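Have a look at the structure below before the remarks.
We did not get these values from a lab; they are worked out from the coordinates using the rules stated. Since the model is a prediction, treat every value here as computed from it, not as a measurement. No Cβ is skipped: glycine too gets one built from the backbone with ideal geometry, and neighbour counts run over all protein chains shown.
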């Protein structure tokens, strides 16, 4: 039984005092150092050296650290002001984030917590500063924001579909193409955009994609107004960290207007061929006849004049038809251009 003057935890306290400095020095997750009111750095652990690239001997005090880690004068002043403000108040701790430049010019995001250690008869005022390197987490956040911006600015619909077929994500282009906003789409089955006669085919296709077989093709879809759209769609499986399929990525482009333009071009070419074939053949026959008769010196000036007049008429007909068809196509494309511009502005 311990004596009255001996604390029952004395041995534990001594053990803790012996082990704690080593634990702080070897910590991989935290940057830890203590400073007194003069700014002297009393402890600079291994993690601090790794993240900053500087040894304790190279950063003996806070002033040196501020100069090497925050070379930008304006930014350094901001950090200094935050720390000075904390020292003037009675607040026990403060939390703030900074960008820190390492010795190799790498920019690290550090989340700091400064704890005020109360002054006692045995020690002066000390400050324990713990810095956590959150660079990867910040980078992940920035990547997620950038990815979200890319997805939402895409002119193609980018849709996430669960293995059960329900909609998980729905970008702005999907809203424009199908007419449903995000709140109307999340959680709904994507199959509601598929015509009844194509439901079985689409379900089979989703099954193939879930089994690792990508799909790229053109299918018919329905908009909110029940308009039948022709879309190109690329379906791919999405795998989780453990490799299991957690969903399907669908990239969709509305091909309705483009296919309409292509059909108009085909119609234009077909009509042009039909309307130009007769006068073109007539000119060809007339020229061949003139060449043959000239070669045989069997021609009459009057007959040649008549044939040339017929040829001129056929040529005028070709020019007229070309001009008429060209004007029709120009008007068609201008109308489509106005519609596309109107859609973009809206």
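Overview of values
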read-out	value
Mean separation of Cα contacts under 8 Å, 6 or more apart, over the residue count of the range 89-209: relative contact order %	13
Label-point separation in nm, residue 210 to residue 46, each point 7 Å along Cα→Cβ	4.9
Order of 323, 46 - criterion: other Cβ atoms within 10 Å of each residue's Cβ, fewest first	323, 46
Estimated FRET transfer efficiency when R0 is 45 angstrom, pair residue 78-residue 255 (beta carbons, to 0.05)	0.25
Cα Rg over Rh - the range 22-139, Kirkwood	0.94
Ordering of 30-39, 169-178 by packing [mean C-beta count within 10 Å, highest first]	169-178, 30-39
Label-point separation in nm, residue 87 to residue 25, each point 7 Å along Cα→Cβ	2.8
All-pairs Cα distance distribution in the range 155-254, expressed in whole percent, bin size 10 Å	16, 54, 27, 3, 0
